[in-house]
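The values are calculated or read from the model by the stated rules, or taken from the named source; none is laboratory data. It should be emphasised that the depicted structure is a prediction, and the values quoted were computed from it without experimental measurement. Positions of Cβ are backbone-derived with ideal geometry, glycine not excepted, and every protein chain shown enters the neighbour counts. Just so you know, the surface numbers come from the protein's heavy atoms only, side chains and all, with ligands and any DNA or RNA stripped out. Shrake-Rupley method; radii C 1.70, N 1.55, O 1.52, S 1.80 Å.
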Amino acid sequence: MIKNEEETKSVDFIREIVNKDMESEKWGGRVHTRFPPEPNGYLHIGHARNICLNFILADEYGGLYNLRFDDTNPVSEETEYVESMIKDIHWLGFDWGDRLFYASNYFPQLYDFAVELIKRGKAYVCDLTEEEIRATRGTVKEHGKESPYRVRSIEENLDLFERMRDGEFKDGEKTLRAKIDMTHPNMKMRDPVMYRIRHITHHRTGDKWCIYPMYDFTHCLSDSIEGITHSICTLEFDVNRPLYDWYLDQLEAYHPQQIEAARVNLSHTILSKRKLLQLVEKGFVNGWSDPRMPTLSGLRRRGYTPASIREFSDRVGVGRSEGTAEMALLEFCIRQELNFSATRVMVVLRPVKLIIDNYPEGKVEMMEAINNPEDPEAGTRMLPFSKEMYVELDDFREDPPKKWFRLAPGKEVRLKHAYYVTVTDVVKDEKTGEITELHCTYDPESRGGGTPDMRKVRGTIHWVSADHAVDAEVRLYNNLFTVPEPMGEEGEYTDYINPTSLEVLEGCKMEPGLINAKTGEKFQFMRKGYFCVDPDSTDKMKVFNRTVTLRDSWAKIEKKLKRRL
C-alpha cells in the first residue's frame, strides 16, 4: 500500500526509501521489519522509538513484523529479560502473532553457515587469545597483523571447529575468525571473530552448545533467514554494514536492506543497558522497574501510558544525526493525555488540621465534586465535609508575602467545592514552634463558591475531612540525574545522581473513595500533579507515585515556537 501524494509530502527518510521500494517493487511489494533486542536487560524509552518505528512501519504498508531475540551471549542473557521485553512490547500495543523468533533457534543453521565459510577458505580457527587479537588488530592509522594461524588448511580448520563444538577446548582457547583483510580501513573487517567458546548454560538451549556465534555474524544472517526487507538499526551500526554485506555475499544469501537512523537520547537520564544494570546492582535504584528508571517497566509503574510513549516516539521522529530529546517533551506527552482522562481528587501531602470553629459539632455535609472539567461525561462524586479538615501546611503563611492568595490570618479563601473560610487563630507546639492547628470561621452562605453579596476570593485550596480521611504514602519522583547529559560530564556518571530523585511522604491524607483505587489507576491530585497507584498498595494503605507535576515547560516552549512562525 503506497501512501498518496498528500501523505508523502512530509514523510521521514525511511518512509521515502520504503515508498521508492514499493514503487519499484524491489521486494515484490513486501515490507517485512523486525525488532531484534538482545535479552541482557530491560527495554527503555530509546527502544520504544525503534519498536514503534518497526512495527508501525510494517502496519502502514500492510506488511509483517517479527520480534526476534538475538540471544547469542549466555553470559549476560536471562529468561527474566526475555519475559519483561515481551510484556513491555505487548503493553505498548503491538502483537507479532506467530512470528516470535530467537537467534538461538538458528544455531544449527548458523553453524552450517560457518562451516561453509571454512570450506570456501573464508574462515579459520585462531589460537590467539582475546588480548592478542585486540593487540594485533591495529589502529585507524596502522594496519593490523595477520594471525599466524591464518594459513591453516581448510581440512585442519574444519577439524578444529568441529572439536570446538564438541567441547574439547577451554573458554578462550580458540576462536573462529572470518578471513577478510587485516589492512582494511574499516577495523570491523579485520578478521573479526565469528565464534567463541563459552562453557555456560544458555537460557534456552541449555548445555547443548559450548560455542556461540558473535552478534555481527548472527544478526545479519537471522534477518536473511527471516526474509526481512528493511533492517532498521541505529547509526552506530553503519560501520558494521560492510561486514554484514560480506557475510551475506560470501554465502550468497538473501540480502535485506539495512537502514541506519539516529538513536533517541533523553535528557537527565542514561540509556545504556550496561550502565542501567550498574545502577540496579549498586543499589542506586530499586531494580529495573524503579519509577526513576527510563525503562518501560519503570515508566509504566510511574504512570506513563502506551499512548503517551507512542506520542513521544512520534514527536521525536526519525533523523540521520544524533540528538537529545528533552525530558520535558516526554512529560508533556503524558500530561496532555492525563489532563483529559484523569479524575481530579483531593489528597493533602503535608497535612495540618484546620478547625472550623463556627461549624456545628457532628455535622457532615456531602459536597458535589466534578471528576474532570475537561471531560463532560466524567460525572461527579460526593465528598464528606465536617468541622475538622486537613489542609496543606504549605498553603498557610503567618506573615504572607504580597500577592499571597492562600491561607493567612484574616484572609478569606475558598475550600474547593465547599465554603469560604477565614483563619482566626494559629496553634503551635510549645517546644518546637511547629504549627499543629489552624482555627477559622466559615461563611454558611458561601457553599459552592458563591455568596449573596457576590463577593469573590482569589484563593482556592483543596482539603480532606479529618473524620473521613484515609492515610496514604506518596512518593515524589524527580529526575534521576542533576545534569542533562550525565555521560558527557567529567568524572563518573554516578556523581550526578540526584539526591532528591525520590522523596517519600508518609501520613498523607486522601479523600475516602481512593481506598478503592486499583493498581495503575491514575489521578490528578488537585494542585499537586498527576499520580498513579503503585503495586505496593494494599486494601488498607494506598501508595501513590507522582507521574509528573502540573507545571508544563514544554507547552511554553511550543507556544514560543508558534509565535516565531
Q: Output the peptides 407-417, 142-152 sorted from most to least packed, where packing is the average of other Cβ atoms within 10 Å over each peptide's residues.
A: 407-417, 142-152
Q | Of Lys353/Lys542; Lys275/Lys509; Lys275/Lys518; Lys428/Lys509, pairs whose Cα-Cα distance is over 30 Å | A | Lys275/Lys509; Lys275/Lys518
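Give me the percent relative contact order of the range 108-227, please, defined on Cα pairs under 8 angstrom at least 6 residues apart.
25
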Q: Per DSSP H run of n ≥ 4, the term is -39500 (n - 2.57); total these for the chain, divide by its residue number, and report the mean residue ellipticity at 222 nm rounded to 500 deg cm²/dmol.
A: -8000 deg cm²/dmol
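Which net charge results when you count Lys and Arg as +1 and Asp and Glu as -1 among the other residues whose beta-carbon is under 10 Å from that of Glu77?
Numbers: positive: Arg204; negative: Glu38, Asp70, Asp71, Glu78, Glu80.
Summing Lys and Arg as +1 and Asp and Glu as -1 gives -4.
What order, most packed first, do the peptides 488-496, 44-52, 529-537 have when packing is the mean number of other Cβ atoms within 10 Å of each residue?
44-52, 529-537, 488-496
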(Q) Per q in 0.11, 0.16, 0.21, 0.23 Å⁻¹, report the Debye log10 I(q)/I(0) for the range 206-305, using one uniform scatterer on each alpha carbon and no solvent. (A) -0.54, -0.89, -1.00, -1.06
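On a 20 Å Cα-Cα criterion, which of the cross-link pairs Lys387/Lys416; Lys416/Lys456; Lys87/Lys273; Lys411/Lys528; Lys122/Lys145; Lys416/Lys540 come out too long?
Working: Lys387/Lys416 15 Å; Lys416/Lys456 13 Å; Lys87/Lys273 18 Å; Lys411/Lys528 22 Å; Lys122/Lys145 17 Å; Lys416/Lys540 26 Å.
Pairs exceeding 20 Å: Lys411/Lys528; Lys416/Lys540.
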Q) Given N residues in the range 11-133, what is Rg(Cα) / (2.2 N^0.38 Å)? A) 1.32
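Relative contact order of the range 298-443, please, whole-number percent, based on alpha carbon pairs below 8 angstrom and at least 6 residues apart.
Details: 209 pairs, mean separation 28.9, N = 146.
Relative contact order, the range 298-443: 20 percent.
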(Q) Using the alpha carbons of the range 134-201, what is the convex hull volume per residue in cubic angstrom, as a whole number? (A) 92
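What order do you get for 389-399, 235-245 when each peptide is scored by the mean count of other beta carbon atoms within 10 Å, highest first? It would help to have the intermediate numbers written out before the result.
Working: 389-399: 18.5, 235-245: 16.1.
For the peptides 389-399, 235-245, the packing ranking is 389-399, 235-245.
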Q | Per residue, in Å², the accessible surface of the range 190-319 once ligands and nucleic acids are set aside, probe 1.4 Å | A | 34
Q. If one computes the Cα centroid of the range 277-327 and of the range 418-476, what distance in Å separates the two points?
A. 39
**Q.** Matching label, Rg and Dmax of the Cα atoms in Å computed from the structure shown, candidates [x] 30.8, 103; [y] 23.9, 77; [z] 27.1, 84
**A.** [x]
(Q) Taking 25 Å as R0, compute the FRET efficiency from the Cβ-Cβ separation of Val239 and Val75 and round it to 0.05. (A) 0.55
(Q) Please report the projected area of the range 359-500's Cα convex hull averaged over all directions, in nm². (A) 14.2
Q.
Please report the antiparallel percentage of DSSP beta bridges with both residues in the chain, rounded to the nearest 5.
A. 65
